[in-house]
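This report concerns only the one structure given below.
Please treat every number below as a calculation from the coordinates, not as lab data. Note that the structure is a prediction, hence the values are computed from the model and not measured. As a convention, Cβ positions derive from the backbone with ideal geometry for all residues, glycine included, and neighbour counts pool all protein chains shown.
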Amino acid sequence: MICDDIESFAKALSPLQPLIGLDLGTKTIGVAVSDGLRLTATPIETIKRVKFTADAAQLTDMITKRAIGGIILGLPRNMDGSEGPRCQSTRAFARNLSRICDLPIGFWDERLSTVAAEKALLEADTSRKRRAEVIDHVAASYILQGALDRMPHMAKS
């Protein structure tokens, strides 16, 4: 089930199940997961993309092993908020994933998530080589953390 806004995504979730956050790139997919209480996002790995079938098999294996309750995809909007070809590609990935996985799928604006991840890694004095290895899954954790931070406040709004 694809949810177009974070409110409908949050309502579709079962309680006390972790979420998975994905930063889709053309060559890699950064992956992060939350704890069951959905308080903290943790970067876990970067998948080298091959083709959708192989990528989806890796993701569904992770989803099953970690008892994931929902999927957050980073939506790469343009800086003016409009949606370009990369957003269309992300939405197509979500549609394809929803055909083989019946978890709620939501989107989170990922503008500047990679910039924030890069800044955090630089502040941690991470080497250039190591930054290249981890940037995608650290960016995925920024995307997932943004959604996690928003969800508890929706009922109060």
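Structure notes:
- As a proxy for reagent exposure, C87, C3 were ordered by neighbouring Cβ count within 10 angstrom, fewest first; the result is C87, C3.
- The residues V33, V138, when put in order of fewest to most other Cβ atoms within 10 Å, stand as V33, V138.
- Order of F107, F93 - criterion: other Cβ atoms within 10 Å of each residue's Cβ, fewest first: F93, F107
- Beta bridge orientation in region 6-153: antiparallel %, DSSP, nearest 5: 55 percent
- Relative contact order of the chain, pairs being alpha-carbon contacts under 8 Å that are 6 or more residues apart, as %: 34 percent
- Under Karplus coefficients 6.51, -1.76 and 1.60, residue-wise ³J(HN,Hα) of region 6-11 in Hz, glycine/proline x: 5, 5, 5, 4, 4, 5
- The shape of region 1-90 comes out oblate: with a ≥ b ≥ c from the C-alpha gyration tensor, a/c is at least 1.5 while a/b does not beat b/c.
- 14 Å beta-carbon shell around R66, net charge (K/R +1, D/E -1): -1
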